[in-house]
Amino acid sequence: MKRVSILLLLAVTACAQLQKGQLQPVLAKDLKQNIWVTNCGGAVEVWGSCYDKAKDTCSNNYTVLSRVENQTGTKRELTFQCKK
């Protein structure tokens with residue numbers, strides 16, 4: 001019974017970590033032109049995560065400059081420019 005409880009606790013903890021995940025940061029690419037880049041690859045993040053980070057970064061919306069994704073979906077990169 002003790003083993004089952006430990007396994008159940010580990011499973012719940014692992015599931016919670018996968019749902020929360022570790023978000024990739026938003027990095028400044030060109031501050032003069034207000035251009036930013038972020039990643040949202042892997043199983044934890046999806047394109048929606050990139051768009052949410054762009055929305056949170058830019059107070060007056062943004063323009064997508066490029067979207068890059070590899071065939072396996074393990075790398076997704078969004079480059080965007082905040083509108084003035």
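Within segment 37-77, count every residue that is loosely packed, with under 12 Cβ neighbours inside 10 Å and not in a strand (DSSP E or B).
10
Among (1) hydrophobic (A, V, I, L, M, F, W, C); (2) open to solvent by less than 90 Å² (accessible area, probe 1.4 Å); (3) at pLDDT below 95; (4) more than 23 Å from Gln71 (Cα to Cα), there is one condition Leu8 misses while meeting the rest; what is its number?
So Leu8 meets the others, but not (2).
The values are calculated or read from the model by the stated rules, or taken from the named source; none is laboratory data. On a predicted model such as this, the values are computed, not experimentally measured, just so you know. Ideal geometry is used to build each Cβ from the backbone, glycine not excepted, and the neighbour counts take in all protein chains shown. All accessible areas refer to the heavy atoms of the entire protein, side chains included, with ligands and DNA or RNA removed. Shrake-Rupley method; radii C 1.70, N 1.55, O 1.52, S 1.80 Å.
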